Amino acid sequence: MRKLITLLLSLTVSYGCAQTADSVAIRKIYDEALTHGKSYEWLRYLTKQIGPRLSGSAGAQKAVDWTKWIMEQQGFDRVFLQEVMVPHWVRGAKEEAYIQNGKQKITVPIAALGGSVATGPKGINAGVIEVKSFAELRAMSPDKVKGKIVFYNRPMDPTKINTFEAYGGAVEQRANGATEAAKLGAVGAIVRSMTNIHDDFPHVGGMRYATGVALIPTAAISTNGADLLSKLLQENPSLTFYFKQNCETLPDAKSYNVVGEMKGTEKPDEIIVVGGHLDSWDLAEGAHDDGAGCVQSIEVLRILKTLGIRPKRTIRAVMFMNEENGLKGGVQYADLAKKNNENHIAAVESDNGGFTPRGFGIVGSPLQRAKVMLWKPLLAPYGLLEIGPGGGGADIGPLAQLGTVLFGFKPDSQRYFDYHHTAADKFETVSQRELELGAASMAALVYLLDQYGL
């Protein structure tokens, strides 16, 4: 502890001497982003001209080609592709679903979850068992569940101020719901959408099957649809639910991570990564998830280059492929870094939407976090007040095994799950100023990481 205090005191003195120059540099970074920023127009093209980019799709390949071209146009020192094999799941024809309540047939919005099997051409029509948790389901006798559709209807907790915490408390229904239902003989699973708002959009996402358990089809139902189904079940427990989906999993497809690089002038072997994931769900333009993170990451390098800031360390913008349904891009990037004996000192990921910047979560040692906390006076004037322990990001997570310090960019979380994994995640929902402030925030952190290391 005494050594830590001594080191921090010495760092405080040295940082204090340099703060004036750093403050000027960070001000220039924000000025450039807010007056000449490119991220918004790049996002417009990515979402409107390319659109949905689920891994293995033609849209994903177009996004690879375009982001490579964009980074080449910026004149970065090197732009290259990293080949990666990715899952190739396709939705097929639009899903159908309705509640059969006596003679009344009520159509409700559903969408197959990524990775799910199809229902078959005739669909599935069965009784419904509503549950709020796996514990509630497991307490039931198999005879009660067998041949039924399990309906998971636990909402995200609206009392959680951080909506990602609320999401984390509900999402296992989506991820593992089909497997848990199949263990008791269910023929299908329907999951309430992961959002606090009431809308008619199914909020999709990935699911997974356990080995040794029957594969049953599973879909997300909109929150309005879920509320209606729950209400009608209370009135008539004997109603039935019909749904049909036509998805399938094809053989893995070849795709790529896209990497742009500015070579370090003093310590080129120390690498700082800033990135987002290029893929999106097939129903969405992927504006907040995660087009915003991708264009912000490219913008970080463009800003530094435009301002004539030659980094001491090598800085890479990485467009990771396949975060949504496999994480193959992040794993491949880390595997190649280990194979090539690369020294990644830090990685920053933006995958929480293009909203107003609040700060950064840090995954690192107490000393590393303490070093970063010394930069708070430089970042606080720009609203970056939430800096401390927290998550890094799914794509950069595999780098932790190499000793890399991880940073997760934290925008305001209140609106993210209004759009998350839905057709509503469109370019029009992104504020140009908020997006540009986020890019500047990331560039300021990368600048400080480059100046002082960890």
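The values are calculated or read from the model by the stated rules, or taken from the named source; none is laboratory data. Everything numeric in this text was worked out from a predicted model, so none of it was measured. With ideal geometry, Cβ positions are generated from the backbone for all residues, glycine too; neighbour counts draw on all protein chains shown. Please note that ligands, DNA and RNA were not included when accessible areas were found on the heavy atoms of the full protein model with its side chains. Shrake-Rupley method; radii C 1.70, N 1.55, O 1.52, S 1.80 Å.
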Cα-based reach from Lys38 at 19 Å (exclusive), listing lysines while leaving out same-chain residues under 8 positions away
Lys28, Lys48, Lys68, Lys305, Lys426
Taking Cα pairs under 8 Å and at least six residues apart, what relative contact order does region 165-220 come out at, in percent?
46 percent
Could you tell me what percent of the DSSP beta bridges with both partners in the chain are antiparallel, to the nearest 5?
55 percent
Which value, in Å² and to the nearest 10, is the accessible area of Cys294 when all protein chains are kept and the probe is 1.4 Å?
0 Å²
Quick one: ranking Glu436, Glu165 by accessible area, 1.4 Å probe, largest first, what do you get?
Glu165, Glu436
From the phi angles alone, apply the Karplus equation (6.51, -1.76, 1.60; θ = phi - 60°) to region 370-383 and give each ³J(HN,Hα) in whole Hz, x where the residue is Gly or Pro.
4, 4, 5, 4, 5, 8, 4, x, 7, 9, 4, x, 9, x
With all protein chains modelled, accessible area of Thr356 [1.4 Å, Å²]:
40 Å²
How far is helix 58-73 tilted off the main Cα axis of the chain, in degrees rounded to 10, range 0 to 90?
10 degrees
Specify the inter-centroid distance of region 225-267 and region 344-406, based on alpha-carbon positions, in whole Å.
28 Å
Which whole-number percent of Cα pairs in region 333-454 have a distance greater than 25 Å?
27 percent
Sites Thr159 and Ser431, calculated FRET efficiency, Cβ-Cβ separation with R0 25 Å, nearest 0.05:
0.40
Rounded to 10°, Cα long-axis angle of helix 172-183 versus longest principal axis of the chain
40 degrees
Between Asp143 and Gln368, what's the calculated FRET efficiency when r is the beta-carbon distance and R0 is 41 Å? Round to 0.05.
0.15
Quick one: helix 432-452 against the long Cα principal axis of the chain, what's the angle to the nearest 10°, folded into 0 to 90?
50 degrees
Taking every DSSP beta bridge with both residues inside region 96-230, roughly what % is antiparallel (nearest 5)?
35 percent
Please list 367-375, 344-352, 322-330 highest first by mean number of surrounding beta-carbon atoms within 10 Å per residue.
344-352, 322-330, 367-375
Using the alpha carbon gyration tensor of region 36-125, what are the three equivalent-ellipsoid semi-axes (square root of 5 times each eigenvalue), largest first, in whole Å?
41, 17, 8
Tell me which lysines have Cα within less than 16 Å of Lys267's Cα, excluding those fewer than 8 residues away on the same chain?
Lys312
What percent does the relative contact order of the chain come to when contacts are Cα pairs within less than 8 Å and at least six residues apart?
21 percent
Is the C-alpha gyration tensor of region 89-211 telling us rounded, prolate or oblate? Criteria: a/c under 1.5 is rounded; beyond that, a/b larger than b/c is prolate, otherwise oblate.
rounded
In terms of the Cα gyration tensor, with a ≥ b ≥ c the square roots of its eigenvalues, is the chain rounded because a/c is under 1.5, prolate because a/b exceeds b/c, or oblate?
prolate
Orientation-averaged projected area, Cα convex hull of region 70-116 (nm²):
6.3 nm²
